[in-house]
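What follows is a set of notes on a single structure, which appears directly below.
The values are calculated or read from the model by the stated rules, or taken from the named source; none is laboratory data. This one's a predicted model, so the numbers in the text were calculated from it and none came from an experiment. Ideal geometry is used to build each Cβ from the backbone, glycine not excepted, and the neighbour counts take in all protein chains shown.
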Amino acid sequence: MAMNPLVGIIMGSKSDLPVMQAAIDVMNEFGISYEVDIVSAHRTPEKMMAYGQSAHERGLKVIVAGAGGAAHLPGMVASITPLPVIGVPVKSSNSIDGWDSVLSILQMPGGVPVATVALNGSKNAGLLAIQIIASSNPELLQKMMDYKQGLKSKVAEMSNAVKRL
């Protein structure tokens, strides 16, 4: 856990950590302070309520919430916090192949928005959290612009390599 974290990365269980690790890695790459915790909507609802209600008071700017199965965590946290919440649907081991998680996070009622990324897409969730913070932080905005330029350069390199085949 970092001092004065800007991003909260939460998940429903430890089994979600391998998926959520990509969001953690992005925070480290950009030098963004964050906290990580297991906050289950179903097994620890009191903890979830306390976490969501106090997040903005503790200085968080964005919450990235990963959940599999019924995937209620992102929506429930979004219902009790004024902060932006980015939901990461985590592919569960059930026979539905992760669609239950995707649809649960996507189908939020009016007034309770949750940004949703691809199944197991915590890297993009982390990047979106950084972009939200960067909208009011010029130094971080420049880092994001440099990151995107790096992506463009990698594609140009791959294009040139393929043309030489």
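List of remarks:
- Pairing residues of region 112-130 that are on the phi < 0 side of the Ramachandran plot and among the basic types (Lys, Arg) with residues that are crowded, with 23+ Cβ neighbours inside 10 Å and in a helix (DSSP H, G or I), at Cβ distances under 8 Å and at least 6 apart in sequence or on separate chains, gives Lys123/Ala23; Lys123/Val26.
- Screening Ser159 on (1) assigned to a loop (DSSP other than H, G, I, E, B); (2) not assigned by TED's automatic domain parsing to the domain that holds Phe30 shows it passes everything except condition (1).
- Of the set (1) modelled with pLDDT of 95 or more; (2) of a type outside the set (Gly, Ala, Ser); (3) surrounded by 18 or more Cβ atoms within 10 Å (Cβ to Cβ), all apply to Asp100 but (1).
- Members of region 82-101 found to be under 16 Å from His72 (Cα atoms), among the hydrophobic types (A, V, I, L, M, F, W, C) and in contact (Cβ under 8 Å) with a residue 24 or more places away in the chain, listed by number: Val85, Ile86, Val88, Val90
- Test: residue in region 72-90 that is in the same structural domain as Met11 (by TED's automatic domain parsing), buried (at least 16 other Cβ atoms within 10 Å of the Cβ), of a type in the set (Gly, Ala, Ser) and at pLDDT below 95: no
- Checking Ile96, Ile130, Ile105 one by one, the residue that is in the same structural domain as Gly12 (by TED's automatic domain parsing) and either in contact with a Phe, Trp or Tyr (Cβ under 6 Å, 6 or more places away or on another chain) or aromatic (Phe, Trp, Tyr) (or both) is Ile130 and no other.
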